[in-house]
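Let me begin by presenting the structure, written as structure tokens, before commenting on it.
The values are calculated or read from the model by the stated rules, or taken from the named source; none is laboratory data. This one's a predicted model, so the numbers in the text were calculated from it and none came from an experiment. Neighbour counts run over all protein chains shown; Cβ positions are idealised from the backbone, glycine included. Note: areas computed on protein heavy atoms with side chains; ligands, DNA, RNA excluded. Shrake-Rupley method; radii C 1.70, N 1.55, O 1.52, S 1.80 Å.
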Amino acid sequence: EDFSKAMSQAGSSQFQEVIRQELEYSMKVELDKILATAAANELEHTKKDLEGFKKLFHRFLQEKGPSVDWGKIQRPPEDSIQPYEKIKARGLPDNIASVLNKLVVVKLNGGLGTSMGCKGPKSLIGVRNENTFLDLTVQQIEHLNKSYNTDVPLVLMNSFNTDDDTKKILQKYSHSRVKIYTFNQSRYPRINKETLLPIAKDVSYSGENTECWYPPGHGDIYASFYNSGLLDNLIAEGKEYIFVSNIDNLGATVDLFILNHLMNPPNGKRCEFVMEVTNKTRADVKGGTLTQYENKLRLVEIAQVPKAHVDEFKSVSKFKIFNTNNLWIALSAIKRLQEKNAIDMEIIVNPKTLDGGLNVIQLETAVGAAIKSFENSLGINVPRSRFLPVKTTSDLLLVMSNLYSLNAGSLTMSEKREFPTVPLVKLGSSFTKVQDYLRRFESIPDMLELDHLTVSGDVTFGKNVSLKVSV
């Protein structure tokens, strides 16, 4: 019986291997057909994109299910996640300008504003006094450069969805004191869920073909940044670290204390990768968390957790922190690992249903998942104020209100608020789209004393409204 069981297992794994090889071969044939439709001027980058996709698809066929073994997950060692207070207590050196000149700010700018009912790049949505996410970012860096007489550049990672619109708007900053560079993340073909073949027939991505392609998540930053040539140029200019964050996280400003810790480490050994984490609240139970796994710091996302352990993963007492996606990474390390093809990120399989009802999958990766590939990685537990993402109009209401004051592009919690936590705001479905939301507020209410707001149904707010405690 054992023998026949072993034989059938061997048989089934051989059978699976044959199927895998066939799928991979079919995929290669389809991708070659697509590549054959590329014009001479787009051949080179299309080829790079499809090569990258092929590698990802190969790994997707090899790997089985959620890729963490729950038994191997351990709490991170004490010193691997440092409290921000400790890092701040070291103070700043006199030559902070020379440290700042080694920094590049990178914003992830591939997303569209569709979840908030907007067309075009999310970074162009107005968030405060007519300022967009992009305006605020440029103001912050310009303020730094003027204050310290430095040259910190801004790099935007666009996607094919946001590139044209973003480039048009960048002319507006031509006189600002910030050099702005852009590069594009890859463009990968969506895969038919049934056949596991690409739904695109040619290389075009306009008109009816827009749904055939997708940007493969922000984990693509390492390859795209390297392939664009911009990484090498910045290293040649003497830049050493990038500070990466989502453009819709208004709390992600350049922090001089963290930068100083990176450039002048207390033990003399530089970190190649720092992830800012912050304490979970009830609202963040799904956020990825830092764990110790096979002697490395590792980011574990909810999608990688075996079903039986999801509740444990969501527990605020066991996993107290989550990843803010504010990351500080050494440029030389990205170059080294990219050239060795040694950046290892788990594959996120993102299922989608297209307008016509077709089920497709997108293979994606997340930028923070690469932490385990870098040497001497560190988590820093930062104040909640460094995580202020605007994903919904409920978030938008908070940042537009008098809870925050705006200074040189940075939002800070008003001193008039008696406790530092943000109210919990749930606006109903009538407020989902930005234009509906704006129409329903004649002016933004006073929210300094608010704890909790829930709105359901067809509600509008007049002028001079004050919301206090629970509403």
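For the reader, a short list of remarks on this structure follows.
- The dipole here belongs to region 320-471: it is taken about the Cα centre, uses +1 on the Cβ of Lys and Arg and -1 on the Cβ of Asp and Glu, and is about 160 debye.
- Per the Kirkwood formula applied to alpha carbons, region 393-470 shows a radius of gyration over Rh ratio, Rg over Rh, of 0.95.
- Expressed to the nearest 5 percent, the antiparallel share of DSSP beta bridges inside the chain is 55 percent.
- Think of the chain as a dipole: +1 on every Lys or Arg Cβ, -1 on every Asp or Glu Cβ, centred on the Cα centre; then among Y25, F15, I334, I334 lies furthest on the positive end.
- Note on D151/K307: beta-carbon distance plugged into 1/(1 + (r/R0)^6) with R0 of 51 Å gives a FRET efficiency of 0.55.
- Here region 75-102 and region 230-298 have alpha carbon centers that stand 11 Å from each other.
- Rounded FRET efficiency, nearest 0.05, which uses the C-beta distance separating E78 from R440 and R0 of 45 Å: 0.40
- For the chain, the relative contact order comes to 18 percent (Cα pairs under 8 Å, sequence separation of at least 6).
- Positive end of the dipole of the chain (Cβ unit charges, origin at the Cα centre): among T281, V310, I221, the Cα lying farthest that way belongs to T281.
- Charge tally for I343 (other residues, Cβ to Cβ under 13 Å; Lys, Arg +1; Asp, Glu -1): 0.
- Eligible lysines near K102 by straight Cα distance, threshold 21 Å, same-chain separation 8 or greater: K88, K146, K179, K239, K269, K335
- Dipole magnitude for region 274-339: computed about the Cα centre from +1 point charges on Lys and Arg Cβ and -1 point charges on Asp and Glu Cβ, it is near 80 debye.
- Segment S405..K391, full-extension length gain: 3.1 nm, with 0.36 nm per residue of separation and the alpha-carbon distance subtracted.
- Neighbourhood charge, 13 Å Cβ-Cβ cut-off, centred on I242 and excluding it, Lys, Arg +1 and Asp, Glu -1: +1
- Prolate/oblate/rounded label for the chain (Cα gyration tensor, a/c 1.5): rounded
- Sparsely packed loop sites in region 272-350 (the GluC sites (Glu not before Pro) outside DSSP H, G, I, E and B with at most 10 other Cβ atoms within 10 Å) comprise E294.
- The loop-placed trypsin sites (Lys or Arg not before Pro) in region 22-114, going by DSSP, that have at most 11 neighbouring Cβ atoms within 10 Å of their Cβ come out as K64.
- Relative to the current alpha-carbon distance between T195 and R282, full extension at 0.36 nm per residue lengthens the span by 27.3 nm.
- Trypsin sites (Lys or Arg not before Pro) lying in DSSP loop within region 222-330, provided at most 16 other Cβ fall within 10 Å: K269, K286, K318, K320
- Heavy-atom accessible surface of the chain, averaged per residue, reaches 49 Å², computed with a 1.4 Å probe.
- Projecting label points 7 angstrom from Cα along Cα→Cβ for E339 and K48 puts them 1.6 nm apart.
- The stretch between N464 and R384 holds 25.9 nm of extra length on full extension. This uses 0.36 nm per residue minus the Cα-Cα distance.
- With a cut-off of 9 Å between beta carbons, the residues surrounding G113 carry a summed charge of +2, where Lys and Arg count +1 and Asp and Glu -1.
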